[in-house]
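Every number in this text was worked out from the coordinates using simple rules, so none of it is lab data. In this text the structure is predicted, and so the values were computed from the model without any measurement. When we count neighbours, we look across all protein chains shown, and the Cβ atoms used for this are built from the backbone with ideal geometry, even at glycine.
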Amino acid sequence: MKILVTGGLGYIGSHTAVQLVNAGHEIVIVDNLSNTSEDVAQKIADLTQVEIVYEILDLLDIAALENVFKTHKFDGVIHFAGLKAVGESVELPLKYYENNVSATVNLMNLMEKYKVNKMIFSSSATVYGDPVTVPIAEDFKTSATNPYGQTKIIVENMMDDYSKAHPEFSGVALRYFNPVGAHESGLIGENPNGIPNNLVPYIAQVATGQRDHLRVWGDDYDTIDGTGVRDYIHVEDLAHGHLKALEYTEKENGMEYVNLGAGKGYSVLEVKAAFEKASGREIPHIVFERRAGDIATSFANPQKALQLFDWQVQYNLDRMCQDSWRFIDNLEKGEEK
Ligand SMILES: NC(=O)c1ccc[n+]([C@@H]2O[C@H](COP(=O)([O-])OP(=O)(O)OC[C@H]3O[C@@H](n4cnc5c(N)ncnc54)[C@H](O)[C@@H]3O)[C@@H](O)[C@H]2O)c1
């Protein structure tokens with residue numbers, strides 16, 4: 001299939017792009033470089049041995065985006081482009097509504113105009129708000145605790161409404177749990193600017209000496225060691241979920257919501273220990289009071305992805321940490337040169 005990949009130079013998009021090309025799909029990437037750099041396109045080309053077609057543009061620039069639809073006849077869209085910093089979304093809500101919602105309206109308008117009927121959307125487990133029980137299944141009530149989460153719910157609802165008006169539409173909102181890891185080559189991975197929002201990039205910055213210690217928010221939860229338990233998923237497994245979802249859209253129309261998670265959780269201290277093993281470096285940590293709003297345990301019920309897509313995770317926590325570390329270590333060595 002010929003697929004438009006928005007945000008395809010970003011963390012999850014780049015891993016998915018490699019898998020799409022390797023599976024024989026033709027891709028066109030659009031990205032505004034707000035959270036990545038252009039050299040990722042060359043890395044995708046190096047990993048696939050295929051020249052990558054990409055355009056540096058903002059989805060808010062309708063004319064530029066329409067040119068892409070005029071130039072290429074797409075079978076489907078995988079929509080990764082979006083802003084994802086929860087804290088920033090609280091400070092700058094309009095920026096998030098504009099970039100994540102208005103931009104998606106632009107994209108879907110063009111999909112409608114150019115009759116592109118398949119769409120995979122990067123949603124998030126954040127749409128479950130504060131779930132009352134685990135494992136978390138797709139039929140749980142959705143709610144948002146911040147503007148970022150609201151934007152994910154709004155786009156999901158938009159796709160649902162659109163699917164009702166357009167029976168030929170096939171949409172899948174993939175609700176990611178916590179993606180970590182990197183391509184096994186160590187060429188592409190996640191390298192956030194500033195203070196990371198996620199645990200593994202934070203741990204990685206402690207391992208490389210950019211930060212003194214890991215902050216652990218509470219060690220008195222009712223979990224294996226008292227620290228919070230979350231569902232971590234290797235980015236390669238996550239990327240593969242998009243290929244399976246795409247296959248699904250070839251067979252079925254309508255709108256589906258599907259968790260992509262491992263179906264089990266690891267505690268903060270388990271992740272820390274796995275990263276220490278992978279990196280051979282010590283990760284000092286300091287325990288602080290629990291953070292308001294944090295829950296003890298969160299993990300997915302991944303049964304629906306197994307049933308609909310025949311998909312389940314292949315990689316464990318050790319492998320996630322080994323691959324993350326290879327990427328970070330390569331970056332560090334590159335910077336030393
Ligand atoms: N990484 C996670 O923990 C996580 C979890 C759940 C959901 N998601 C969602 O998955 C998607 C991809 O996440 P990621 O981790 O790869 O993030 P990322 O920031 O690495 O990738 C997003 C890409 O989109 C681009 N982009 C952003 N706004 C754009 C715009 N208006 N026009 C064109 N390009 C734009 C950025 O430059 C970036 O390359 C996002 O929608 C995110 O909300 C991520």
(Q) Can you compute the modelled spin-label distance between Asn198 and Asp318, with each label point 7 Å from Cα toward Cβ, in nm? (A) 2.2
Q.
Averaging the inverse of every distinct alpha carbon separation and then flipping it gives the Kirkwood radius. What is it for the chain, in angstrom units?
A. 20.3
Q: Throw me the Rg/Rh for the range 88-179, computed over C-alpha atoms with Kirkwood Rh, two decimals.
A: 0.99
Q: Scan around Val229 for amide H atoms under 5 Å from its own, H built in the peptide plane at 1.01 Å from N, and keep only partners 5 or more places away or cross-chain.
A: Thr297, Ser298
Q. Which distance in Å, rounded to a whole number, links the C-alpha centroids of the range 191-211 and the range 118-167?
A. 28
Q: Report, by chain and number, residues whose modeled amide H sits under 5 Å from the one on Gly263, excluding near sequence neighbours (fewer than 5 apart, same chain).
A: Ala300
Q: Please give the calculated 222 nm ellipticity per residue for the chain, where each DSSP H segment of at least 4 residues contributes -39500 (n - 2.57) and the sum is spread over every residue; nearest 500 deg cm²/dmol?
A: -12500 deg cm²/dmol
Q | For peptides 299-311, 178-190, 53-65, sequence by mean Cβ density within 10 Å, most packed first | A | 178-190, 299-311, 53-65
Q) With the Cα gyration tensor of the range 189-337 giving a ≥ b ≥ c as the square roots of its eigenvalues, does the rule (a/c under 1.5 for rounded; else a/b larger than b/c for prolate; else oblate) give rounded, prolate or oblate? A) oblate
(Q) Shape verdict for the range 276-321, please, from the Cα gyration tensor: rounded (a/c under 1.5), prolate (a/b greater than b/c) or oblate. (A) oblate
Q. Using θ = phi - 60° and the Karplus curve 6.51 cos²θ - 1.76 cosθ + 1.60, what whole-Hz ³J(HN,Hα) does each residue of the range 235-245 get, with Gly and Pro shown as x?
A. 4, 6, 5, 4, 4, 4, x, 5, 5, 5, 5
(Q) Give me the dipole magnitude in Debye, nearest 20, for the range 70-173 about the Cα centre, with unit charges on the beta carbon: positive for Lys and Arg, negative for Asp and Glu. (A) 420
Q) If you line up the long axis of helix 39-48 against the longest principal axis of the chain, both from Cα atoms, how many degrees apart are they, to the nearest 10? A) 80
Q. When ranked by the protection proxy of mean other Cβ atoms within 10 Å per residue, highest first, what sequence do the peptides 221-233, 278-290, 72-84 form?
A. 72-84, 221-233, 278-290
(Q) Tell me which of Phe309, Leu214, Ala85 sits at the most positive position along the dipole axis of the chain, charges placed on C-beta atoms (Lys, Arg +1; Asp, Glu -1). (A) Phe309
Q: With unit charges on the beta carbon (Lys/Arg positive, Asp/Glu negative), name the residue among Tyr11, Val53, Tyr266 whose Cα is farthest towards the positive pole of the charge dipole of the chain.
A: Val53
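Treating the beta-carbon of each Lys and Arg as +1 and of each Asp and Glu as -1, no other charges, what is the dipole magnitude of the range 210-337 about its Cα centre, to the nearest 20 debye?
The calculated dipole for the range 210-337 is roughly 80 debye.
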Q. Can you tell which of Asn117, Leu331, Ile62 lies farthest toward the positive end of the dipole of the chain, using +1 and -1 charges on the Cβ of basic and acidic side chains (Lys, Arg; Asp, Glu)?
A. Asn117
**Q.** Theoretical FRET efficiency, 1/(1+(r/R0)^6), r = Cβ-Cβ of Asn22 and Ile295, R0 30 Å, to 0.05
**A.** 0.20
Q: Rounded to the nearest 0.05, what FRET efficiency do Asp139 and Lys115 give with R0 = 25 Å and r taken as the Cβ-Cβ distance? Could you check?
A: 0.20
Q.
Per 0.36 nm of contour for each residue apart, how much would the distance between Ala63 and Ser34 grow if the chain were fully extended, relative to their Cα-Cα spacing?
A. 8.5 nm
Q: Rounded to the nearest 0.05, what FRET efficiency do Val50 and Lys264 give with R0 = 35 Å and r taken as the Cβ-Cβ distance? Could you check?
A: 0.50
Q | Amide H contacts under 5 Å for Val172, placed H, 5+ residues apart | A | Met119, Ile120, Phe121, Glu256
Q | Mean separation of Cα contacts under 8 Å (6+ apart) over length of the range 106-225, as relative contact order % | A | 23
Q | In Hz, Karplus ³J(HN,Hα) per residue of the range 93-99 (6.51, -1.76, 1.60; θ = phi - 60°; x = Gly, Pro) | A | x, 5, 4, 6, 5, 5, 6
(Q) If you consider only alpha-carbon coordinates, what radius of gyration and Dmax does the range 139-200 have, in Å? (A) 16.3, 44
Q. On a 0 to 90 degree scale, rounded to 10, what angle separates helix 317-336 from the longest Cα axis of the chain?
A. 90
Q) Dipole magnitude of the range 1-150 about its Cα centre, charges +1 at Lys/Arg Cβ and -1 at Asp/Glu Cβ only, in debye to the nearest 20? A) 400
Q: Give a residue-ordered list of calculated ³J(HN,Hα) values for the range 70-77 (Karplus: 6.51 cos²θ - 1.76 cosθ + 1.60, θ = phi - 60°; whole Hz; x for Gly, Pro).
A: 6, 7, 10, 9, 8, 8, x, 10
Q.
Please report the equivalent ellipsoid semi-axes of the range 31-128, computed as sqrt(5 x eigenvalue) of the Cα gyration tensor, largest first, in whole Å.
A. 23, 19, 14
Q: For the range 1-81, just run the numbers: alpha carbon Rg, then divide by 2.2 N^0.38 Å, N being how many residues it has.
A: 0.98
Q | Relative contact order (%) - criterion: Cα under 8 Å, at least six apart; region: the range 38-126 | A | 35
Q) In nm, what is the difference between 0.36 nm times the number of residues separating Glu91 and Glu250 and their Cα-Cα distance? A) 53.2 nm
